[in-house]
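Written out below as structure tokens is the structure these notes cover.
The values are calculated or read from the model by the stated rules, or taken from the named source; none is laboratory data. Keep in mind it's a predicted model, so treat the numbers as computed, not measured. Neighbour counts are summed over all protein chains in view; Cβ atoms, including those assigned to glycine, are modelled from backbone coordinates with ideal geometry. What goes into the accessible areas is simple: the full protein's heavy atoms, side chains included, and nothing from ligands, DNA or RNA. Shrake-Rupley method; radii C 1.70, N 1.55, O 1.52, S 1.80 Å.
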Amino acid sequence: MFLNRQLVLPVHRTVPWRGIGAAGAAGLLLAALTRTGETAERLSLYLLRAAILAFAVGLAFLLDDPARHTTSTVPTRRPVRVALRTVLVVPAAAAWWTVALLLVPPEVRPPVADITLEAGAAFVLAVAGAAAAVRFSEVTRPGRPVTGALLTTAVLAMLFWPGRWALFVPVEDERWAAAHERWGLVLGGAVLLGVVCAIEPLRRRVRL
Amino acid sequence: MTTLVEKPVTSAIRNAPGGSFKAVLALALFESRRLLTRIPVLLAFAVYLGWTLWRAGKAWGDYPALQDADRATQSAPMLVGLAVLLSVNQAALRSRRHGTERHFAVLVLPQWRRTAAHGLSVVAAALLTAVCVAGQFGREALRPAAIGHGSVSELLVGPLTVLLFGTAGLLLAGLVRSAIAAPLLVVFGLFLFAFFWGTSDDATRWLLPAVVEASSNTLPSDLMGRPAAWHALYLAGLALLLGLVAILVAGGRKPVVMAGAAGALAMTLVGGVAQSAGESPGLVKARERATLHPEQVQTCLRRDGSTYCAFPEWGPRGADWAGVVDRVRSLAGGSAHEQDLVVRQRIDARYGLSGDAALAPLERPHEVTVGTQWGGNRVPEFAAAAAGVLIAGDEKAANSICDGRIVPLMWLAVGWESDPLDALRRVRLDDSVTGSAYVLQPTHGLYMTEAQTEVLRALLDLPRDEAGARVKDHWGELTAPKVTAARAAELLDLPAPEGEDKCS
């Protein structure tokens, strides 16, 4: 436990705050667009989703660690280090999300609990994707490929996700409640993926 | 004794003329291959091609109007453009990411030439998009029943969009050397276009790459009023400007690059200003003339006594209309069987492509309106209008029919089709074949009551010759005003209808 406390500062220094900050700023800009007029208010849900995607892009860089191969031998195991990074970023993400929500005019703000669920699912999915990239490859900076995958998934899901299991529904749609049960499943799946992928394999895959 | 050096030592580097150009070309080939095999680009092309093939033929069926088909190629390449933006940005940052920037510094290619090679790889992606666009449009243009004229400027928008997005990604790599910038730009790209499409007015909407029109009207190509050529110039200038600025940022401060950038800026400005000039007075006048006095610009074709007047581009459609009119007339009895019609093509072009306006019914006797689209539902709609004019005498009277005459009218409209029930479903607003419903027509629609639908269904269930003979035998009584559905059923020897028989 003592060791972990000692780790907080060094890990904090390796978190890519600048990238996350840039993504957060872009997200807040998108959220702030909802205050620019009547049409923008109508689009508030979509702008908020765009903001979520922007911040998720930033979070995909969370596990970037150029020193990955040198720290694999330290006594603190990878799940702890990943958890520490996540814990460090959670307050920042929460603060960002609160500001983003407050930027949307209250009368057009989507149901807060449900949209927070969507945001949570997207954020966890981004980090879990990075954890999976770390788990299954030797890359030191998984952020770049993971953002590509995240954006591709987002576009493909918006275009081709079957209507029976709709996820991206407007607020007034009757499938809103059912869609958010599915978002809950997405969140659960992402958490599970992240936890499974955070575990360090006993052997490195040797490429022959 | 002195040693004679036979040859002075020369530098091992040969400065062959055009050597660096060849090197840029070789690098461009390599980068093009790499760019086109990135997973996002491959996926985007797969989705683009799949979507295009799946949609092909759904929009206009066998009767495309090429001035609409060219615009339909514009939106989908944006997806490819976003993938190219992301991939070319990552490619331009590759040497920095892998820490090989210093190794490249000793090679013949300075950074700005490598940037130029990346720019050429974007051109390759744009060319591939151009091939896809040409294939999509060519497929429509080669349909035997295609009419109208496509515009090269409209077709260029798709490839230019890819070029623009790609050079934007390249410039971004020069300005912000971080892997996170391009994904964020893509997020903005994805959503801000939807945003601006919603909010922008007439002049500013042309600043976006692909400009979608609100109306699905088909207009003669000279009345469209889209500044397509200026827009293509604007897009080309902007793409070129971004690419050349990316080279300038990378250190290629050659006079020719600067001059090129200045030229591209001029192109962008000229195109940007000219495209937002609005509609010229001549266009407004031409649109008004085509709307209010179409006979002044139309050419007419006479066939079997009937006249078919169409805008010049629709000349070949006359034969299709004549085929429908002949079949409708062949089912009619009495004098209607021989009645000659005037088929008049009409549009409301006064609002351009920004809005749909319903056409008012014609009041001249035996004159029928036909729209600018054909195939699919437009066929039974036109047949219903022709049948209405045969029965009521003119279009305005036909549109106010609200009695049992609907039964012979709809029999004429769909009775000759190979699948009359399907035609009936398509011509009714709610796609139903039971109960009451509105019937669509090129002008105002008709209303079918539940009882009339029942009688018509019973009539359609009879063998075709039998039903045709029964209608012709009682033609005069069936087409008399104020006949009820029950009376029509009685005349046709069909079971009396049970449903409501009241127009709303």
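For region B:20-278, the Kirkwood estimate of the hydrodynamic radius, built from every pair of different alpha carbons, is 19.2 Å. Most simply put, the protein assembly as shown has about 55% antiparallel DSSP beta bridges, counting only bridges with both residues inside it. Once the 1.4 Å probe is applied to the protein heavy atoms, chain B comes out at 46 Å² accessible per residue.
Solvent-accessible area of chain A (1.4 angstrom probe, protein heavy atoms only): carbon and sulfur portion equals 67 percent. Interface between chains A and B: roughly 2100 Å² of accessible area buried, both sides summed (probe 1.4 Å, protein heavy atoms only).
When you count the other C-beta atoms within 10 angstrom of each residue and take the mean per peptide, B:344-352, B:227-235, B:297-305, A:56-64 line up highest first as A:56-64, B:227-235, B:344-352, B:297-305. One compactness figure for chain A is 1.09, namely its Cα radius of gyration divided by 2.2 N^0.38 Å.
Residues whose amide H falls under 5 Å from that of B:Val370, counting only those 5 or more places apart or on a different chain, are B:Arg344, B:Gln345, B:Arg346, with hydrogens built in the peptide plane. The charge dipole of region B:320-366, taken about its Cα centre with unit charges on the Cβ atoms of Lys, Arg (+1), Asp and Glu (-1) only, comes to about 80 debye. Each Lys and Arg adds +1 at its Cβ and each Asp and Glu adds -1 at its Cβ; summed about the Cα centre, chain B shows a dipole of about 3760 debye. Label-to-label distance, A:Arg42 versus A:Phe136, with points set 7 angstrom from Cα along the beta-carbon direction: 4.2 nm.
Backbone N atoms of region B:366-382 closer than 16 Å to the 7 Å Cα→Cβ label point of B:Glu295 belong to residues B:366-370. With a Cα-only, solvent-free Debye model of region B:288-491, what are the log10 I(q)/I(0) values at q = 0.10 Å⁻¹? Evaluating at q = 0.10 Å⁻¹ gives log10 I(q)/I(0) of -0.39. Since only B:Ile147, B:Ala134, B:Asn89 are under comparison, the one whose Cα sits farthest along the positive direction of the charge dipole of region B:55-185, derived from C-beta charges on Lys, Arg, Asp and Glu, is B:Asn89.
Taking Cα centre as origin and charging only the Cβ of basic (Lys, Arg, +1) and acidic (Asp, Glu, -1) residues, the dipole magnitude of the protein assembly as shown rounds to 5540 debye. Shape descriptor for chain B: Rg over Rh equals 1.18 (Cα atoms; Rh from the Kirkwood inverse mean 1/r). Here, the protein assembly as shown yields an orientationally averaged convex hull projection of 46.0 nm² when only Cα atoms define the hull. The trypsin sites (Lys or Arg not before Pro) of region B:204-290 that meet both conditions, a loop assignment by DSSP and at most 16 other Cβ atoms within 10 Å of the site Cβ, are B:Arg253.
Since only B:Cys309, B:Val297, A:Ser137 are under comparison, the one whose Cα sits farthest along the positive direction of the charge dipole of the protein assembly as shown, derived from C-beta charges on Lys, Arg, Asp and Glu, is A:Ser137.
Measuring nothing but protein heavy atoms, the accessible surface of region B:288-491 at 1.4 Å probe radius is 48 percent carbon and sulfur. May I ask you to derive the relative contact order of region B:288-491, considering only C-alpha pairs under 8 Å and at least 6 residues apart, and to give it as an integer percent? Computed over region B:288-491, the figure is 19 percent. Only lysine pairs 8 or more places apart, or on different chains, with alpha-carbon atoms under 21 angstrom apart are counted in chain B, and they number 5.
For region B:288-491, DSSP calls about 60 percent of its internal beta bridges antiparallel. Taken per residue, the accessible surface of region A:54-100 reaches 42 Å², heavy atoms only and a 1.4 Å probe. Heavy-atom accessible surface of region A:113-190, averaged per residue, reaches 47 Å², computed with a 1.4 Å probe. In chain B, helical runs assigned H by DSSP with n ≥ 4 each contribute -39500 (n - 2.57); averaged across all residues and rounded to the nearest 500, the mean residue ellipticity at 222 nm is -17500 deg cm²/dmol. Once neighbouring chains are kept in place and the probe is 1.4 Å, which whole percent of the accessible area of region B:20-278 is contributed by carbon and sulfur? Summing carbon and sulfur atoms, their accessible area is 70 percent of the total for region B:20-278.
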